[in-house]
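The values are calculated or read from the model by the stated rules, or taken from the named source; none is laboratory data. Just so we're clear, the structure is a prediction, and the values are computed from it rather than from any experiment. Neighbour counts run over all protein chains shown; Cβ positions are idealised from the backbone, glycine included.
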Amino acid sequence: MGRVVELIRYIVKGCAGESLQRSAAGPMGLADDRLYMVVDQNGKFITQRTMAKMALVRPSLGDGTIKLAAPGFDDAEFDVVHDGEQLEVVLHKWTGKAVDQGTGPAEWFSRFMGEPVRLVRVPPDLERHSNGVVGGLVGFADADALHVIGESSLAHLNSRITGSGGQALPMNRFRPNVVVSGWEEPYTEDRVQTMTIGAVEVGWEKNAIRCVVPTVDQATGQRAGHEPTRTLAGYRRVEGGVTFGAKFAVLTAGELAVGDPVSVTSWLD
């Protein structure tokens, strides 16, 4: 049986994650995960794919506020706008509406990123669905509610990287929501059809196709060579790219916490 060893949410898409001891999980994943997103003047999403230094922004939530911090910038706190002006935004192939968070957050992020941007929030009536097997709901994550990786998968990948003279990579390169220990077989997450994590039941949507973000050092906000993409390309290539980790839909909402058991209830054929 596996066990949860890390829970991480990413309040602003593309920015630093926040480690949690426990969290509610609803149809869109961990509470407040990818609740916010930065968009350019055309409403197109911006992440570490094109702005690696977003890794240095540390968002947190207050009582009705969002707090922003980054090296070399004054910490700032802004009131959350729940039901304000809605902007048309583009996230990959999806186009929809998002709640603009006003001048303050826009100016802070624009200074940090060096270009005019806006901070937007998931609207209360968002109905965005994954294109995975289950087709579950999703907020501003790329495609699915929960991203799960087993520690044994990273250990296996790192053994290949170090075996060819490279340096082992930390788990944060892959920006998972749930990290599981106790799965002896690497890539167990690829074979799970359904499982319970604490009180939450989840269903497999798809393998996680990796973009360039895992090549970004999350501590420096800079690209750091070709790993893990180079190594993954040697043995984890599928249609659409290279894969590491798996995406899941939330089938039954509930609470989960670090230390909770992870029980596989069915396997993919």
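Which ones in region 206-218 are surrounded by fewer than 19 Cβ atoms within 10 Å (Cβ to Cβ) and without any contact (Cβ under 8 Å) to a residue 40 or more places away in the chain?
Passing the criteria: only Ile209.
Out of all the residues in region 98-116, is one or more within 18 Å of the chain's Cα centre (by Cα) and assigned to a strand (DSSP E or B)? Don't jump to the end; show me each part of the working.
So in region 98-116, the residues within 18 Å of the chain's Cα centre (by Cα) come out as none.
The answer is no, given that none of the residues of region 98-116 is within 18 Å of the chain's Cα centre (by Cα) and assigned to a strand (DSSP E or B).
Please work out which residue is farthest from the chain's Cα centre (by Cα), limiting yourself to region 197-228 and to residues that are among the β-branched types (Val, Ile, Thr) and either farther than 23 Å from Trp183 by Cα or in the same structural domain as Ala55 (by TED's automatic domain parsing) (or both).
Our first condition is that a residue be among the β-branched types (Val, Ile, Thr); within region 197-228, this holds for 197, 200, 202, 209, 212-213, 215-216, 220.
Checking the rest, the ones that are also either farther than 23 Å from Trp183 by Cα or in the same structural domain as Ala55 (by TED's automatic domain parsing) (or both) come to 212-213, 215-216, 220.
Working: Val212: 14, Val213: 11, Thr215: 15, Val216: 14, Thr220: 18 Å.
If we take residues in region 197-228 being among the β-branched types (Val, Ile, Thr) and either farther than 23 Å from Trp183 by Cα or in the same structural domain as Ala55 (by TED's automatic domain parsing) (or both), then Thr220 is farthest from the chain's Cα centre (by Cα).
What do you reckon, is Ala55 buried (at least 23 other Cβ atoms within 10 Å of the Cβ) and in the same structural domain as Gly114 (by TED's automatic domain parsing)?
Details: buried (at least 23 other Cβ atoms within 10 Å of the Cβ): yes; in the same structural domain as Gly114 (by TED's automatic domain parsing): yes.
Answer is yes for this residue.
Does region 137-153 contain any residue that is surrounded by fewer than 19 Cβ atoms within 10 Å (Cβ to Cβ), assigned to a helix (DSSP H, G or I) and in the same structural domain as Thr243 (by TED's automatic domain parsing)?
yes
Can you confirm whether Ala25 is assigned by TED's automatic domain parsing to the domain that holds Ser110 and either at pLDDT below 95 or surrounded by 18 or more Cβ atoms within 10 Å (Cβ to Cβ) (or both)?
no
With a cut-off of at least 1 residues that are within 14 Å of Asn177 (Cα to Cα) and of a type in the set (A, V, I, L, M), name the strands (runs of 3 or more DSSP E) lying wholly within region 9-73. Please lay out each step first, then the result.
Working: elements: 18-20, 22-26, 36-39, 65-70.
Filter on region 9-73 gives 18-20, 22-26.
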